[in-house]
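Take a look at the structure below.
The values are calculated or read from the model by the stated rules, or taken from the named source; none is laboratory data. Values in this document were obtained by computation on a predicted structure and should not be read as measured data. We place every Cβ from the backbone using ideal geometry, glycine too, and count neighbours over all the protein chains shown. We work out accessible area using only protein heavy atoms, side chains counted, and drop any ligands, DNA or RNA first. Shrake-Rupley method; radii C 1.70, N 1.55, O 1.52, S 1.80 Å.
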Amino acid sequence: MVQTSHPLRTLHRVVAPYHGLPGKHTALRTVFAAGELTQAKALVVIDPSGRGTAAERVTELIGPIARSDVEFLAPRYRRHPHDGVLITQLVRPLVRALYGVALDEPLGAEFACSGRFASHCLDKDIWNREAARFAIDLWLRTEAVAERFTVGQIWHPAPTATGTRTTLRETVHQVVLSLIESVRAHESFWLKANGATELRTWGSDPIVMPEAATWDYQALADQARHDIVEIKPLLEEVLEPDVFARVTDDTSGAGSPLDDELWVRIVYAFAAATRLGHTGIEHLADMFAPLYMWRASAFMAHTALESPDIVQARLDSLCETFQRLKPVLVASWSVEV
Amino acid sequence: MIQDIADALVQSWRNAATASVLFVPRLVAATIIFAAGFVVSLLARRAIRRLLAWLRFDRLSLRTGASEMLRMADMPTAEVLIAKVVFWMVWIGFIVSAVDTLHLRPVQGLVNEFFRFVPRFLVALLVLTLGFLVGNFLWRATLLASVNAGLPGARLLSGALRILVIAIGVVMALEQLGLATAVVLTAFAIMFGALMLGLAIAFGLGGRDAAKQLLEQQFRAKKERDTDAAPHL
């Protein structure tokens, strides 16, 4: 449903059904187009699996946009530190370091935006790209930041964890493709951005965090080690020799402590590899999946018995490591190709 | 009789002198062509290296994996290799030309043969290069797909595929060169057929039960490997 800035004689409803994730970007594009057509002041996209009623969530999300306090509003959740490992270990710290904003949830189906932002996005050629099929929400957030739209956050209850239709490998592949798309599209912005500006946040912090979902990180670690050994010749082409040596030492079961700097250097090496073009980005995304699995399982294994406060402190430290090592990525990215 | 012997000796000397008078200029010309060819080849090699550097050929060879393969084979870089090939082709052309200048009967027509051979050689090089590039690409794609699918022996499978594609490229290149075509093709066909037949017998008959167990294990392992992404988002 599209809320217009002036009443219409008849209620117009635009329905854009889509079946599963791949059609999400088409639906969003249709909604944006409908918003532009009806000169909508604000657009809200809600996730049906979210908590609370649709009316409540729409009201909360639309308020700051309608008052023109902000042009893009993303939900923020009080997560358990062990929850959403892909977000906390990769997406959040990377977006924070590159784009210079403390955006908690760079991935998320729900958001609200101004009509101006929607019209701006319609002019972009992202809609036909592969990355748009799977993680358009990430691109929307980074686009809002890079194009200097006012971005804010709003506290929301964490969505209920329902099973996804995609496997972990496919999800990592899709998220990595989307990150690459954003990084390439916004290089002129993030090469100069620094620090991590806090975003204005609406709503009240739930304080009470839900329990984290449990999963078998030991099995994931075994899979990851096996896969990394298999793709060693490919990893050698992407990672620096010392990073490669440390990864292979760690995966041989040496039992070394959780190394944030190693992880960050791996992420930045892959990011730089997309620019150098030695390996196709689809292959890079496939190669990254075992490395993420290795990191995620190592994180869980090392922090399983730690209190949430200590784990949260580790996550904050990881974000700082990403920021501290950003010049390494900037230097690699700036190499003439 | 003595006069006849003397006449024969004089005639022989005259023939030798005439032949030398005819041969020496040719020898000098051949030497000049030989030396000039060396200089031209050096210049051609330098020009090719500069051209490849200007075209950033090193990045292309890095991207296609050629650099890595050459490094593993302890060979010079792709640009150096290409420059050397050009050097030798140009110089051999001049050497052939020099030899042809001598008008030696056993090697007459060599120039024509050489210049008929050069295009075939270039095409063979192209076929070999394409075979290598395709083999490398398939190796990488197969390795990643096999690892993600949890297939056992992913490196063996992808490595074998790469070797097979490169071998096909080598055979096609040899066929293009016209070097023992029948032998090479027959040997390749026999080897390939034997390999496929052996695999079919091994899996179809000898390893029937093992194949069944492997498939069941893979199916089970795939279910275990297909970790739900929900806790990670």
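A quick yes/no check of all residues on (1) within 14 Å of chain B (Cβ to nearest Cβ); (2) in contact with a strand residue (DSSP E or B) (Cβ under 6 Å, 6 or more places away or on another chain); (3) under 30 Å from residue B:59 (Cβ atoms); (4) modelled with pLDDT under 90:
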| position | (1), (2), (3), (4) |
| --- | --- |
| A:282 | yes, no, yes, yes |
| A:287 | yes, no, yes, no |
| A:291 | yes, no, yes, no |
| A:321 | no, no, no, no |
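Restricting region A:234-244 to residues that are open to solvent by 40 Å² or more (accessible area, probe 1.4 Å) and assigned to a helix (DSSP H, G or I), the residue that is nearest to the other protein chains (Cβ to nearest Cβ) is A:237. Under the condition of being in contact with an Asp or Glu (Cβ under 9 Å, 6 or more places away or on another chain) and within 20 Å of residue A:230 (Cβ to Cβ), which residue from region A:263-277 is farthest from the other protein chains (Cβ to nearest Cβ)? Restricting to residues being in contact with an Asp or Glu (Cβ under 9 Å, 6 or more places away or on another chain) and within 20 Å of residue A:230 (Cβ to Cβ), the top hit is A:269. For region A:100-124, a residue qualifies if it is open to solvent by 30 Å² or more (accessible area, probe 1.4 Å), in contact with a Phe, Trp or Tyr (Cβ under 8 Å, 6 or more places away or on another chain) and not in a helix (DSSP H, G or I), but none of them does. Among the criteria (1) away from chain B (no Cβ under 11 Å); (2) surrounded by fewer than 15 Cβ atoms within 10 Å (Cβ to Cβ), the one residue A:213 does not fulfil is (1). So which residues in region B:141-153 are surrounded by fewer than 16 Cβ atoms within 10 Å (Cβ to Cβ) and modelled with pLDDT of 90 or more, if there are any at all? B:145 - this is the single residue of region B:141-153 that is surrounded by fewer than 16 Cβ atoms within 10 Å (Cβ to Cβ) and modelled with pLDDT of 90 or more. Within region A:223-233, being of a type in the set (A, V, I, L, M, F, W, C) and open to solvent by less than 20 Å² (accessible area, probe 1.4 Å) holds for A:224, A:228, A:231.
Here is a yes/no grid of residues against (1) out of contact with any Phe, Trp or Tyr (no Cβ under 7 Å at 6 or more places or on another chain); (2) open to solvent by 10 Å² or more (accessible area, probe 1.4 Å); (3) in contact (Cβ under 8 Å) with a residue 40 or more places away in the chain:
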site	(1), (2), (3)
A:80	yes, yes, yes
A:92	yes, yes, yes
A:98	no, no, yes
A:126	no, no, yes
A:129	yes, yes, yes
A:136	yes, no, yes
A:152	no, no, yes
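A single entry from B:138, B:102, B:122 fulfils the requirement of being in contact (Cβ under 8 Å) with a residue 40 or more places away in the chain, surrounded by fewer than 17 Cβ atoms within 10 Å (Cβ to Cβ) and either under 30 Å from residue B:32 (Cβ atoms) or touching a Leu at 6+ places or on another chain (Cβ under 7 Å) (or both): B:102.
Sort through B:39, B:21 and tell me the only one that's at negative phi and either basic (Lys, Arg) or at pLDDT 85 or above (or both). Criteria check complete, one pass: B:39.
When B:22, B:62, B:55, B:70 are checked against the criterion of being under 24 Å from the mean Cα position of the chain (by Cα) and surrounded by fewer than 12 Cβ atoms within 10 Å (Cβ to Cβ), B:55 stands alone in meeting it. Tell me whether region B:79-92 contains one or more residues that are in a loop (DSSP other than H, G, I, E, B) and of a type in the set (A, V, I, L, M, F, W, C). The answer is no, given that none of the residues of region B:79-92 is in a loop (DSSP other than H, G, I, E, B) and of a type in the set (A, V, I, L, M, F, W, C).
One residue stands out among those in region A:189-206 that are among the aliphatic types (A, V, I, L, M) and under 20 Å from residue A:152 (Cβ atoms): the one that is farthest from the other protein chains (Cβ to nearest Cβ), which is A:193.
Taking residues in region B:42-71 that are part of a helix (DSSP H, G or I), and partners anywhere that are loosely packed, with under 12 Cβ neighbours inside 10 Å, the pairs with Cβ atoms closer than 8 Å and at least 6 places apart or on different chains are B:59/A:337. Looking for something over 24 Å from residue B:139 (Cα atoms), modelled with pLDDT under 90 and either in a helix (DSSP H, G or I) or open to solvent by 60 Å² or more (accessible area, probe 1.4 Å) (or both) - is there at least one such residue anywhere in region B:154-174? There is no residue in region B:154-174 that is over 24 Å from residue B:139 (Cα atoms), modelled with pLDDT under 90 and either in a helix (DSSP H, G or I) or open to solvent by 60 Å² or more (accessible area, probe 1.4 Å) (or both). When residue A:191 is tested against the conditions (1) open to solvent by 30 Å² or more (accessible area, probe 1.4 Å); (2) hydrophobic (A, V, I, L, M, F, W, C); (3) free of Cβ contacts under 8 Å to residues at least 40 places away in the same chain, the lone failure is (3).
With the structure loaded, tell me whether residue B:9 is more than 28 Å from residue B:123 (Cβ to Cβ) and out of contact with any helix residue (DSSP H, G or I) (no Cβ under 9 Å at 6 or more places or on another chain) or whether it fails that test. Working first, answer last.
Details: more than 28 Å from residue B:123 (Cβ to Cβ): yes; out of contact with any helix residue (DSSP H, G or I) (no Cβ under 9 Å at 6 or more places or on another chain): yes.
Here the answer is yes, as residue B:9 does meet what is asked.
Check region A:216-225 and report whether any residue there is within 11 Å of chain B (Cβ to nearest Cβ) and part of a loop (DSSP other than H, G, I, E, B). Within region A:216-225, one or more residues are within 11 Å of chain B (Cβ to nearest Cβ) and part of a loop (DSSP other than H, G, I, E, B).
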